[in-house]
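First up is the structure itself, then whatever we jot down about it.
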Ligand SMILES: Cc1cc2nc3c(=O)[nH]c(=O)nc-3n(C[C@H](O)[C@H](O)[C@H](O)COP(=O)(O)O)c2cc1C
C-alpha cells in the first residue's frame, strides 16, 4: 500500500527520526525535517507544559521558512499514552490545535487519541514490541505501526526484526516502520527489503550537535558498541537498553541489576531525573563515529542507502538481470520462472 499522503513523496529517505526523551528539541526536529526525514520529539520534553505550544509554533515557522529547493519532511509528536502521564489530555489538545501531521503513540493504544488526530487529518503511528500489541493498536484505529525490535534504544522488545516484521506483514498492509539498532543506510534498505516502509532511528541522533544531551553522553555513543548496552527494567519498570557506562557511574553493577516490575512505570515528574543520569541507547551505535550536525548524519545515511542499493543491483546486473534499483528492491520474490528475476 502507498504511504499516507502526509508521508508519500515527502521524504528524502524512508526514515523517521525517533523521539528521544529529554534529548529531542525543536532545533533537532527542524534539522531532521529540513534534511528530509520525519523529525520528532516527545511532548513531555517541552517543560513546563505551556512550552509545548511555543515549540510547535517554532517548528512550524522554521519549516515554513525552510521551504526552498526541497520541501521539508513532516514532523511528529510522541505522546506517552500511560496513566502516569498526567499531561496527556492537555498535550493532545495542543497537538490538535496545531494540527500536528504525525502523532506517535507509545505504551498504550487509546481510541480517543486516534480519533482526535484523525478529526483534523493527522495520522497516528503506534509503537509495538510484538504482534499481539500490533493487532490491538490497529483495532483501536492506529494508521500505522512502528515495530520496535531487539536492540532498540530506550524501551525495547526482544524479538528479532525478521520475525516481528514478517508476522505483522502477514495481516497488516499499512504503514510499518522498523526500529532497533538501525544506524546505517544499508540498515534502512534492509528494513525495506524485509517488508517495512522504512526505518525508525533513535540512538544515532543522540550524537548530533543539535541533540539536547551532555557532551559525555554523546561521546559515550560515539565510543560505544553493541556490547556496551545493558537490557534492564530497573530504571522505569519496562525493559529497555542503556549504556553500561552510565549504569556503572550510578554506582550499580550492570551485570547484577535487580529486577523491577511494570507497576514502577512512571512518566510523572521523577522520570526526567532517571533518564538524565541513566543514558538510553540502542545496540546500533557501533556505526556512529563522531558527533555531527543532524543534516550530516542524514547525508551519511542517504549515501550509504544509495551505495547499498547500487551494490545489490550490481549483483543483479552481474547475473544478467536488468532491473532498475527500485524494481529490484520491490519485485516480488520468488519470481515466476522466466519472470524478471
Ligand atoms: C535516550 C532515548 C530516549 C527515548 N525516549 C523515547 C520516548 O520518549 N518516547 C518513545 O516513544 N520512545 C523513546 N525512545 C525509543 C526511540 O523512540 C526508538 O524506539 C529507538 O531509539 C529506536 O532504536 P535505536 O535507538 O536503536 O535506533 C527513546 C530511545 C532513546 C535511546
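Taken together, the values in this text are just the output of simple stated rules run on the coordinates, not laboratory data. Predicted model, so just to flag it, every value in this text is computed and none were measured. FYI the Cβ positions are ideal-geometry reconstructions off the backbone, even for glycines, and counts take in every protein chain you see.
Quick notes on this structure:
- Taking a ≥ b ≥ c as the square roots of the eigenvalues of the alpha carbon gyration tensor, region 1-135 is oblate, as a/c is not under 1.5 and a/b does not beat b/c.
- Backbone N under 19 Å from the residue 314 label point (7 Å along Cα→Cβ), restricted to region 175-215: 185-190
- Dividing the summed -39500 (n - 2.57) terms of all DSSP H runs of n ≥ 4 by the residue count of the chain sets its mean residue ellipticity at 222 nm at -11000 deg cm²/dmol.
- Summary value for the chain: 17 percent relative contact order, contacts being C-alpha pairs under 8 angstrom separated by 6+ residues.
- Seen through its C-alpha gyration tensor, with square-root eigenvalues sorted a ≥ b ≥ c, region 94-202 comes out prolate because a/c lies at 1.5 or above while a/b is bigger than b/c.
- When both bridge partners sit in the chain, DSSP labels roughly 20% of those beta bridges antiparallel.
- Stokes-Einstein D in µm²/s, Kirkwood radius over Cα pairs - region 44-123 at 25 °C with 0.890 mPa s viscosity: 184
- Rounded if a/c under 1.5, otherwise prolate or oblate - region 1-296, Cα gyration tensor axes: rounded
- Taking Cα atoms only, the orientation of helix 185-194 departs from the longest principal axis of the chain by about 70 degrees.
- Helix 51-65 and the longest principal axis of the Cα set of the chain meet at an angle near 30°.
- Overall, the ratio between the Cα radius of gyration of region 167-230 and 2.2 N^0.38 Å, rounded to two decimals, is 1.36.
- Residue with peak Gaussian network fluctuation, the chain [Cα springs, cutoff 10 Å], from 315, 122, 195: 315
- Helix axis angle, 88-97 relative to the chain longest principal axis, alpha carbon, degrees: 50
- Nearest-0.05 FRET efficiency for residue 194 and residue 307, computed from C-beta distance (R0 25 Å): 0.85
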